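Below you'll find the structure, written out as C-alpha cells, and then a few comments.
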Amino acid sequence: MNDLERPAVRKRKATQKTDAISKGFRYLESIQEKDGGWHGDYGGPLFLVPGYVFAHYATGTEISPKVAKGLIRYIESVQNEDGGFGLHIEAKSYMFTSAINYVALRLLGVAKTAPSAKRAREWIRKQPGAVLGAASWGKFWLCVLGLYEYEGINPVLPELWLAPTWLPVHPSLMWCHARVVYLPMSYLYGRRWRVEETPLLAEIRDEIHDRPYATIDWQRARGTVHPNDLYTPHSPVLRAANKVLGLVEQGIQRIPRLQKLRDKALALVLDHIRHEETSTRFVALGPVNKCLDAIACFAAAPGTEHTQRAIAGMNEYLFDGEDGLKMQGYHSSELWDTAFTLQALAASGRGDEFLAMAKKAYAFIDRTQIKEDVDEREKYFRDPTKGGWGFSNEVNGWPVFDCTSDGVKAALAFEHVAAKPMAKERLFDSIDFMLWGQEPSGAWCSYEKRRGHPLLELLNPSEVFGRIMVEYPYVELSASTMAGLVKARDHYGDALGTERLAKIATALSNGERYVRAAQRIDGSWEGSWGVCFTYGTWFGVMGLRACGASPDDPALQQAVEFLLRKQNKDGGWGESYLSCETRDYVQHPDGSQVVMTAWALLALIQAGRPEAQSAIERGVALLEERQLANGDWPKEGIAGVFNRTCMIHYRFYRNYFPLWALALAKS
C-alpha cells in the first residue's frame, strides 16, 4: 500500500520482486490458450470419473482405448493406501467413492485380480454392509447398473415436479446444482431404468456385496450408511418424508390409473432435462447431471440426434492434468482464471510489458459474457442471465455473481488495450444483474437468488455433502460483487445515471452490513469456496475496504490480528482442508502453502495496517523463495472446496494469487 512506510530493506529487494513478477507472468503467457483464456485442471472429486464410465456403458458408447487407459491410470493413482477411495484426492476412504471407482475399474477392463481392484474390493468387503453402506448417490449409480435394487434407495419421485410451485418443498426451490442432479435421477427412478444385465455386471455384483444378492433386505439397506459417508445424517423430517413418499410410490406401482400421473411427470421431467441440455449447448451445468442427463436422454430416445449430442457432451469435461486424465468438476474454470489473471496483471502495472497477453485475455472476457436470458426461463425455473459471466465460458450459460463481478473488473482494467472495447451498455447489463441478485440480508448467493428456506436442508438426502439444498449467502460472493460495483461506479460515474448510482449506494451499504455481521469472534471470515479462513478473511477485508472502511476500522484490525496469529515461523500460512469440515482453523500438516500465503498477504496488504508490515515482508520472501525457475510455483495441497466436504483443485491458484500479492506488496 502506498500509505505504508516502506523500510530500506524493501528497496534492496525491488529487483528480486520485479524478476519474480516478470517470470510469473511470462510463464502464464507461455501457457495461454489461443482463445485468450487459461484452461487448467479443475479436478479433485473422486465421484466424477465413474459417472463418465457408467454413462458410456449404459448408453453403449465406446470409450476409446487411449482414454480408457488414461482413466484407469488416474483412478489407480488416487487410490488410498488402505485400498479405498476418498470423496476427493486428499480424503479418507468413503464407501460411496470406493464402490463406484471399483466398478468403474472393472468396466474399463481391469481384471478383478489386478492389484488395484483386489485392494479396493478387500476394503469394500471388510466394511460392515459392504456397498450397502454407500451414500445415496453411490447407491443410485449402482441401481442404474443393476448392481443394487431400487427398493434399496429412498424414493426420488418425478411427481414432485407436478406439485404447485408455491409448495415450500417444490424442487424448483432447490439450489441449481441439486435441482439439475435430481431431475434425471427422478426420471430414471420413475422408470426404474437400468442397464441390461451382462456377464460382466453379474460378476461385479457378486464381487461388491458381502452376502448373496437374493438375501439382501433392501428396505433395511435404505438406512445403511457407512460412518465415513455420513457428514449430514438423515433428519427426522427427512425420515418421515421418505416414509410418506414410499407410500405414494407403492400406490403408483399398484394402482394402474396412477400410472398416467407417472407418465405425465416423466414427460415433464424429460422436457426440463432436454432444456438444460440445449440451453447449455449440451455441456450442462455440471459433470454429475451431465452424465445422468445423457443416460436419461438415451433411456427416452436412444437414436435421436439430441441424445447423441448429450452423450458427446461428456467429453467436454475430460482434462489431462498434472496427475492424469480425469473428469473435471466443471466444464472449465476459464473465465474465473482469466479474470483473476488480468486483475493480478493490472495490480502489477505490467500491462504494457505483457500487452499481447492482455489483449488476448480481454478478447476472451469480451466473448464469454452471457448476452441474453435463457429461452422460456420462467417455465424452466431459470433466473435472468443477461449481462452475467459464468465460471467457465459463455457455452455453459449459467452466470455466477462473483464471476460477473470479476468479469467487470477485468474488462474495465484492460478496455484500453482493446481495438474495440465492450459497449458500456453491456457492462451496465452486468451491473444491473449484480444489483438484481442482492439478497434482503445484503448478501449475494452463487448462481441465483435464494428461493427455498434454509429449513429445506432438513431434507438433504445426500449424506456426504453439507448445505446442498438451497442457495446460501457467501462472504466471498458478496465482497467480490461489492468490489465490482465500486469499480464500475468509479469508472463510469454519472454515466450510470442517478437511479443506478443510488441503487449501488444502497447495495454497498447493505452489503457492508452483511460482511460485518459475518465476521467471526476471532476476527476471521469463513470461506465456503476456498480453504478456508485465509480465503474468507481476504474477501472479508476486500468487502469492507470496497465500502470505504479505513485501516483503523476495528473489524480490519481484528482480521489482521487473526492472520498474524496464524502465520508460521517460515513466514507463510498453511491451512488444511479439514478447516472446511470442522469449521475451525486446522493447520496444514505440510506447513506453509503458497496459495494460503498469497491469500493472507492480499488480506494484510489491503487492510493497510502498519503492524502487519513485517509479516508481509516475511510472506513475500516465502513466495519468492518457492517460485520455480520457469516462473511457476510448485503444486501443493488442495485449496478449493464446495459443500464443506468436497475439495477441488484450481490449477492456476498457485500462479495468479502469488503474483497479485507480490504486485501489491511492491506497489
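Counting only helices (runs of 4 or more DSSP H) that fall entirely inside segment 189-297 and contain at least 3 residues that are crowded, with 16+ Cβ neighbours inside 10 Å, the qualifying elements are 199-208, 236-254, 259-279.
Among the conditions (1) more than 19 Å from the chain's Cα centre (by Cα); (2) hydroxyl-bearing (Ser, Thr, Tyr); (3) within 27 Å of Leu435 (Cβ to Cβ), the only one that Ser348 does not satisfy is (3). Checked across segment 36-59, the condition of being free of Cβ contacts under 8 Å to residues at least 40 places away in the same chain and of a type in the set (D, E, K, R) holds for no residue.
Here segment 10-50 is the region considered, the condition is being of a type in the set (D, E, K, R) and either assigned to a loop (DSSP other than H, G, I, E, B) or modelled with pLDDT of 95 or more (or both), and the residue that is surrounded by the fewest Cβ atoms within 10 Å (Cβ to Cβ) is Lys34. Just one of the listed residues (Leu427, Leu459, Leu455) is more than 20 Å from Gly540 (Cα to Cα) and in contact with a His (Cβ under 9 Å, 6 or more places away or on another chain), namely Leu427. Restricting Gly133, Gly152 to those that are touching a Ser or Thr at 6+ places or on another chain (Cβ under 9 Å), surrounded by fewer than 23 Cβ atoms within 10 Å (Cβ to Cβ) and in contact (Cβ under 8 Å) with a residue 12 or more places away in the chain reduces the list to Gly152.
For segment 161-188, the tally of residues that are surrounded by fewer than 21 Cβ atoms within 10 Å (Cβ to Cβ) and assigned to a loop (DSSP other than H, G, I, E, B) stands at 8. Being among the hydroxyl-bearing types (Ser, Thr, Tyr) and within 25 Å of the chain's Cα centre (by Cα) is a condition met by no residue of segment 544-565. Inside segment 443-481, residues that are under 25 Å from Thr385 (Cα atoms) and of a type in the set (Asp, Glu) make up a count of 3.
For segment 262-276, the criterion of being within 26 Å of Tyr650 (Cβ to Cβ) and outside the structural domain of Phe401 (by TED's automatic domain parsing) is met by at least one residue.
Specify the residue that is farthest from Ala299 (Cα to Cα); the eligible residues are those in segment 240-261 that are in contact (Cβ under 8 Å) with a residue 60 or more places away in the chain and out of contact with any Pro (no Cβ under 7 Å at 6 or more places or on another chain). The qualifying residue farthest from Ala299 (Cα to Cα) is Ala241. Could you tell me how many of the residues in segment 290-306 are of a type in the set (Val, Ile, Thr) and in contact (Cβ under 8 Å) with a residue 40 or more places away in the chain? So the count comes out to 1. Look at Leu578 and say whether it is under 18 Å from Glu90 (Cβ atoms) and either aliphatic (A, V, I, L, M) or not assigned by TED's automatic domain parsing to the domain that holds Phe428 (or both). Spelling it out, Leu578 is indeed under 18 Å from Glu90 (Cβ atoms) and either aliphatic (A, V, I, L, M) or not assigned by TED's automatic domain parsing to the domain that holds Phe428 (or both).
Criterion first (of a type in the set (Ser, Thr, Tyr), out of contact with any Cys (no Cβ under 6 Å at 6 or more places or on another chain) and farther than 19 Å from Ala549 by Cβ) does Ser528 satisfy it? Criteria met by Ser528. Within segment 375-395, residues that are farther than 20 Å from Ser405 by Cβ have Cβ atoms under 8 Å from residues that are of a type outside the set (Val, Ile, Thr) and at pLDDT below 95 in these pairs: Val395/His331, counting only partners at least 6 apart in sequence or on another chain.
Beta carbons closer than 7 Å, at least 6 apart along the sequence or on distinct chains, pair a first residue in segment 504-527 that is under 20 Å from Leu604 (Cβ atoms) with a second that is polar (S, T, N, Q) and in a loop (DSSP other than H, G, I, E, B) for Trp525/Gln519.
Of a type in the set (Val, Ile, Thr), touching a residue at least 12 places away in the same chain (Cβ under 8 Å) and more than 20 Å from Cys532 (Cβ to Cβ), is that true of Ile616? For Ile616, the condition - of a type in the set (Val, Ile, Thr), touching a residue at least 12 places away in the same chain (Cβ under 8 Å) and more than 20 Å from Cys532 (Cβ to Cβ) - is met.
One residue alone among Lys92, Lys69, Lys112, Lys126 is over 26 Å from the mean Cα position of the chain (by Cα), of a type in the set (Lys, Arg) and within 30 Å of Glu334 (Cα to Cα), and that residue is Lys69. Checking the structure you have, find out if any residue of segment 309-326 is over 30 Å from Lys487 (Cα atoms) and assigned to a loop (DSSP other than H, G, I, E, B). Yes, segment 309-326 contains a residue that is over 30 Å from Lys487 (Cα atoms) and assigned to a loop (DSSP other than H, G, I, E, B). Annotation: Cys143 fulfils all but one of (1) buried (at least 19 other Cβ atoms within 10 Å of the Cβ); (2) on the phi > 0 side of the Ramachandran plot; (3) in contact with a Lys or Arg (Cβ under 7 Å, 6 or more places away or on another chain); the unmet one is (2). Selection of segment 344-355 for residues being touching a residue at least 60 places away in the same chain (Cβ under 8 Å), out of contact with any Leu (no Cβ under 8 Å at 6 or more places or on another chain) and more than 15 Å from Ala411 (Cβ to Cβ) yields Gly349, Arg350, Glu353, Leu355.
The values are calculated or read from the model by the stated rules, or taken from the named source; none is laboratory data. Computed from a predicted structure; not experimentally measured. Glycine gets a Cβ as well: all are built from the backbone with ideal geometry, and neighbour counts include every protein chain shown.
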